[in-house]
């Protein structure tokens, strides 16, 4: 993270929210908060974390990256 009031302070979170709005929710405004919550959750769990490749993660999905880190940690514990 950067210092307080730095322009990069919330860059990652803002990027995620922009992606959810543009790719997940789309142009159609949800009629209720519950519908917005369902659509956002469906996008995040159904596409963003499982299929969408992220350049900051070495062009892996977040699920693949997390599994890779868990496997590395498991190997470290086994060898110790």
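Every number in this text was worked out from the coordinates using simple rules, so none of it is lab data. As the structure is a computational prediction, the values presented were derived from the model and not from experiment.
Observations, loosely collected:
- Taking each DSSP H run with n ≥ 4 as -39500 (n - 2.57) and averaging over every residue of the chain yields -15000 deg cm²/dmol at 222 nm.
- As a length-normalised measure over Cα pairs under 8 Å and 6 or more apart, the relative contact order of the chain settles at 15 percent.
- Taking every alpha-carbon pair within segment 11-79, the share separated by more than 20 Å comes to 41 percent.
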